[in-house]
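Inspection log for the structure reproduced underneath, given as structure tokens.
The values are calculated or read from the model by the stated rules, or taken from the named source; none is laboratory data. All values derive from a computational prediction rather than experimental measurement. Cβ atoms come from the backbone with ideal geometry, glycine included; neighbour counts cover every protein chain shown.
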């Protein structure tokens with residue numbers, strides 16, 4: 001474990017975007033301070049508002065006080081600053097493919113889960129859209145152990161935290177990912193065996209409780 | 001090193017323009033293929049089955065999709081000339097952050113200016129001006145967003161300059177009045193051959209949007 005000076009994450013426990021950053025830092029063997037924003041919906045900290053004035057969102061990664069925002073950009077920054085082990089493949093085409101799938105995951109997955117768990121009634125269209133996205137990702141995975149190939153990497157880091165929300169989606173949507181997308185399910189289990197991942201992710205049951213509380217607050221339940 | 005480079009594109013697309021600029025900056029010879037988006041080619045559908053969108057960059061038969069990813073790919077492969085991203089990781093993260101901001105905000109807000117009317121249009125105009133002012137602030141005293149040299153964020157944003165005329169006409173405002181420094185920057189970029197050759201004519205864009213509105217049945 002190496003200690004690099006002044007690494008700080010402004011975090012919120014349920015945010016899969018914050019978890020991406022933690023996994024990347026864990027993969028690089030770096031120690032960091034994990035500062036939880038306790039009142040994300042009511043009173044954001046001064047540091048958060050000053051470090052991310054544009055979006056005022058977590059995660060913010062501070063390296064010797066200099067802020068980096070947007071989780072995918074933070075993971076790239078971590079990979080470029082601490083080169084070992086590399087999270088992106090060495091060849092330019094492989095890197096372009098990795099960035100493409102990270103962008104696809106960013107554009108599609110979280111919103112698709114939201115369309116299911118924010119819905120009062122069971123939304124079949126939303127469920128089919130969500131399954132379609134996972135099937136597309138299964139195609140991208142192919143026969144590889146990880147999206148990155150034989151080793152865990154960038155796209156795996158971008159995707160895996162989102163799977164903590166799948167239990168909530170399954171219970172509310174009335175289906176299971178294991179049944180609909182077994183390959184994706186196997187990849188998920190494989191990633192969860194990594195210490196860097198297991199340490200960073202919340203219990204999906206707790207995420208489900210959070211979703212239920214959120215639904216009640218919004219008057220959906 | 002060059003190999004075969006093909007760009008599937010659509011002439012008014014700001015996203016396609018980014019890739020054209022990057023290719024021109026690196027002086028890469030390529031085949032430009034115009035797509036009819038109402039009748040997409042088999043090649044486009046084969047090379048970008050996920051999004052079915054332009055631009056698609058095809059290098060030695062292999063597709064790269066999404067304009068900012070294409071620009072980074074071009075920068076990495078042809079790394080012996082005209083660097084677009086700086087070597088320092090923090091500066092790279094900053095450039096990527098603001099390019100992502102452009103992607104998240106400018107296209108949709110600009111689109112609302114010509115697609116909508118009344119309150120929705122006014123709100124979009126207000127927010128677009130705020131976003132452009134934020135971007136303008138990033139220039140500081142530098143000639144380019146890349147600093148002394150034209151770089152990644154310049155490539156990401158400058159194609160929108162040929163759409164400003166359309167935004168201004170529909171929104172009934174002047175971007176130069178609101179963001180004079182930004183327009184000065186854009187004119188400076190237009191003095192570069194790579195930019196001047198890659199951007200579409202602003203009046204042609206305006207005509208295109210007029211036709212598009214008619215075709216889409218938007219008043």
With the first residue restricted to the stretch B:137-148 and required to be on the phi < 0 side of the Ramachandran plot, and the second required to be surrounded by fewer than 11 Cβ atoms within 10 Å (Cβ to Cβ) and assigned to a loop (DSSP other than H, G, I, E, B), Cβ contacts under 9 Å at 6 or more apart or on different chains are B:142/B:148
Candidate set from the stretch B:79-102 (those that are assigned to a helix (DSSP H, G or I) and more than 10 Å from chain A (Cβ to nearest Cβ)); member that is farthest from residue A:77 (Cα to Cα): B:102
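Within the group A:57, A:108, which residue is within 13 Å of another protein chain (Cβ to nearest Cβ), part of a loop (DSSP other than H, G, I, E, B), crowded, with 17+ Cβ neighbours inside 10 Å and at pLDDT 95 or above?
Numbers: A:108 fails: part of a loop (DSSP other than H, G, I, E, B).
None of the others qualify; the one that does is A:57.
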Residue hits (the stretch A:133-164; more than 19 Å from the chain's Cα centre (by Cα) and within 14 Å of chain B (Cβ to nearest Cβ)) are A:139
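Can you name every one of the helices (runs of 4 or more DSSP H) wholly within the stretch A:144-221 that holds 3 or more residues which are free of Cβ contacts under 8 Å to residues at least 12 places away in the same chain?
Details: elements: A:154-159, A:166-173, A:177-180, A:182-192, A:195-198, A:204-217.
The helices (runs of 4 or more DSSP H) meeting that bar are A:182-192, A:204-217.
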I need a count of the residues in the stretch B:49-78 that are touching a strand residue (DSSP E or B) at 6+ places or on another chain (Cβ under 8 Å) and either more than 10 Å from every other protein chain (Cβ to nearest Cβ) or assigned to a helix (DSSP H, G or I) (or both). 9
Could you list, in sequence order, the residues of the stretch B:164-219 that are surrounded by 12 or more Cβ atoms within 10 Å (Cβ to Cβ) and outside any helix (DSSP H, G or I)? B:173, B:174, B:179, B:192, B:199, B:200, B:201, B:218
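Does residue B:43 satisfy the condition of being in a helix (DSSP H, G or I), more than 10 Å from chain A (Cβ to nearest Cβ) and in contact (Cβ under 8 Å) with a residue 12 or more places away in the chain? Break it down into steps so the answer makes sense when it comes.
Working: in a helix (DSSP H, G or I): yes; more than 10 Å from chain A (Cβ to nearest Cβ): yes; in contact (Cβ under 8 Å) with a residue 12 or more places away in the chain: yes.
Against the criterion (in a helix (DSSP H, G or I), more than 10 Å from chain A (Cβ to nearest Cβ) and in contact (Cβ under 8 Å) with a residue 12 or more places away in the chain), residue B:43 qualifies.
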Which numbered condition residue A:121 fails, given (1) touching a residue at least 24 places away in the same chain (Cβ under 8 Å); (2) more than 13 Å from chain B (Cβ to nearest Cβ); (3) not in a helix (DSSP H, G or I): (1)
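Can you tell me which residue is surrounded by the fewest Cβ atoms within 10 Å (Cβ to Cβ) among those in the stretch A:60-73 that are in a strand (DSSP E or B) and within 8 Å of chain B (Cβ to nearest Cβ)?
Residues of the stretch A:60-73 that are in a strand (DSSP E or B), as a first pass: A:60-63, A:66-69.
Imposing the further condition that a residue be within 8 Å of chain B (Cβ to nearest Cβ) reduces the set to A:63, A:66, A:68-69.
On the way: A:63: 20, A:66: 12, A:68: 26, A:69: 23.
The extreme case among them is A:66.
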Being away from chain A (no Cβ under 14 Å) and more than 13 Å from residue B:176 (Cα to Cα) is the filter; apply it to the stretch B:129-140 and report the residue that is modelled with the highest pLDDT. B:139
